[in-house]
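Worksheet for the structure shown next.
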């Protein structure tokens, strides 16, 4: 049986979370030589802009009048982010993060704070705001281009309504009126970074920074009567890369995309919550949803920067007694490890689905990132029913089940509009979820194959040095006596293609990143899941770059060494 990889890739960062990196390049991602710094802005006379859906939402953004650049639209990022390379290009001054330290998400990373004079999305202008500057280049080898930044909550929450139309691939913005604009917490951070003090506190700002300016003005904006708002938290984010995969209809468990659900038929309106504290204001801008997992009430964060439908925190996975299956590395701010599993049921509003694949991993905790002053009152907050941490994450796959999602940051309501009968959902996530589910079950039943190696993507800037046209995966370790070792694959080899596996790509998978019937390989998770979809003993040919040589080696897959008891529901 052959599987085909569709080019739906993505990344998620800061408060979002995971998903394996794709086997293929997302859509027609620009080649390094084609990257432009001054490309024309999207042609728009309104507040509607196009987006590229690559498993996540990417938009074109101008920064300080330059660009546009490719940014991720991520409701799970507390603050916006720009790539270090862009901060350097724009010659932005980098400040220490308020409170010091780096950022959390998938792994940890060092970050600095920068002040942006302007951030533009089409004809929408954010004005002066802050962003975290960090190195995002570890994603470039998987994506095939440099992601230059992330539009986070310090921008999104200042827009009254965001309409995401998946059928038209457009984002539309409704702005707040001047008399209803929420408090801009970035103003206080900018004041502190430029040497001003924090409202309500003595002193002249952050130690080590210049003293207060003489022309500082009192901020007279109001926010529901709060005296002042706390500064936005350091960005917490996670990148999830996930792929949509289909098959040829020959499936051991009958979970191919053709048999998958076609999507919800009823519209619904969800209410979300954010965390606000007396005298401080909105402390956590995340969209918290009430959901049910396996019949139990839980709090999940809805994150447009997470591609997979469900990511369970390790504590929740343990509490639910989830049996984990194959594991794979994930990328975000840094790198981490995740395990696959299944949940029996998931409900959010009127949407109820059963037998869904999910990821289990350590999720970052907001309570760990708060200033010590706030941490001291966490027990009191819990006593008042105020929850800072969430049990899991609902990703953009929830919204992609529908035709349109509208988020009103004033009423804190999310409207989901389904497709009409006969309409086609071109970004349906069901095929990818069916593939993932099939791999989970195959692994439990001892039917999953394994390559027996580890590796990581070759960074984009190193492609030319290695003579790579479309990237590749650098082999870091080869399991002694395993399938890869027996095939002659060595440490420091670069795997570039699975040979011949896409020779019969179906018509609806024509955008798969293939060349002459070969599927491009860029990262390890895709290899892990490709092998898991095939029986042990299946023979695959991989193309390998070894120095100046190009080799084609035949790999006979080993059996994935899962041990445990198969859950009764899936025996």
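The values are calculated or read from the model by the stated rules, or taken from the named source; none is laboratory data. Treat the numbers as computed from the prediction; the structure is a model and nothing was measured. So basically every Cβ, Gly included, is an ideal-geometry build from the backbone, and we count neighbours across all protein chains shown.
Okay, here's what the table says:
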| quantity | calculated |
| --- | --- |
| Candidates 568, 539 - the one that is more than 16 Å from residue 499 (Cα to Cα) and without any contact (Cβ under 8 Å) to a residue 40 or more places away in the chain | 568 |
| Members of the range 541-560 found to be in contact with a strand residue (DSSP E or B) (Cβ under 7 Å, 6 or more places away or on another chain) and either within 21 Å of residue 432 (Cβ to Cβ) or assigned to a loop (DSSP other than H, G, I, E, B) (or both), listed by number | 557, 560 |
| Among (1) surrounded by fewer than 20 Cβ atoms within 10 Å (Cβ to Cβ); (2) under 20 Å from residue 418 (Cβ atoms), the one test that residue 273 misses | (2) |
| In the range 348-367, residue surrounded by the fewest Cβ atoms within 10 Å (Cβ to Cβ) [restricted to those that are in contact with a strand residue (DSSP E or B) (Cβ under 6 Å, 6 or more places away or on another chain), over 22 Å from residue 328 (Cα atoms) and touching a residue at least 60 places away in the same chain (Cβ under 8 Å)] | 350 |
| Qualifying residue in the range 452-472 (condition: farther than 21 Å from residue 549 by Cα, over 24 Å from the mean Cα position of the chain (by Cα) and modelled with pLDDT of 95 or more) | yes |
| Elements of type strands (runs of 3 or more DSSP E) contained in the range 297-415, each with 1 or more residues being at pLDDT 90 or above and under 29 Å from residue 161 (Cα atoms) | 310-313, 335-348, 351-361, 392-394, 404-408 |
| Candidates 99, 65, filtered to the one that is surrounded by fewer than 20 Cβ atoms within 10 Å (Cβ to Cβ), at pLDDT below 90 and more than 13 Å from residue 152 (Cα to Cα) | 99 |
| Qualifying residues in the range 87-96 (those that are more than 17 Å from residue 62 (Cβ to Cβ) and in a loop (DSSP other than H, G, I, E, B)) - the one modelled with the lowest pLDDT | 96 |
| From the options 492, 504, residue that is modelled with pLDDT under 95, more than 27 Å from the chain's Cα centre (by Cα) and either surrounded by 14 or more Cβ atoms within 10 Å (Cβ to Cβ) or part of a loop (DSSP other than H, G, I, E, B) (or both) | 504 |
| Helices (runs of 4 or more DSSP H) enclosed by the range 107-226 - at least 2 residues per element that are modelled with pLDDT under 90 and within 30 Å of residue 513 (Cβ to Cβ) | 140-143 |
| Condition check for residue 471: part of a loop (DSSP other than H, G, I, E, B) and in contact with a helix residue (DSSP H, G or I) (Cβ under 8 Å, 6 or more places away or on another chain) | yes |
| Residue under evaluation residue 436, criteria (1) under 22 Å from the mean Cα position of the chain (by Cα); (2) under 30 Å from residue 157 (Cα atoms), criterion not met | (2) |
| Neighbours by Cβ (under 8 Å, 6+ apart or cross-chain): first from the range 185-203, under 24 Å from residue 159 (Cβ atoms); second at pLDDT 75 or above and assigned to a helix (DSSP H, G or I) | 185/154; 186/154 |
| Residue satisfying condition, being under 23 Å from residue 557 (Cα atoms), part of a loop (DSSP other than H, G, I, E, B), in contact (Cβ under 8 Å) with a residue 60 or more places away in the chain and touching a strand residue (DSSP E or B) at 6+ places or on another chain (Cβ under 8 Å), within set 446, 432 | 446 |
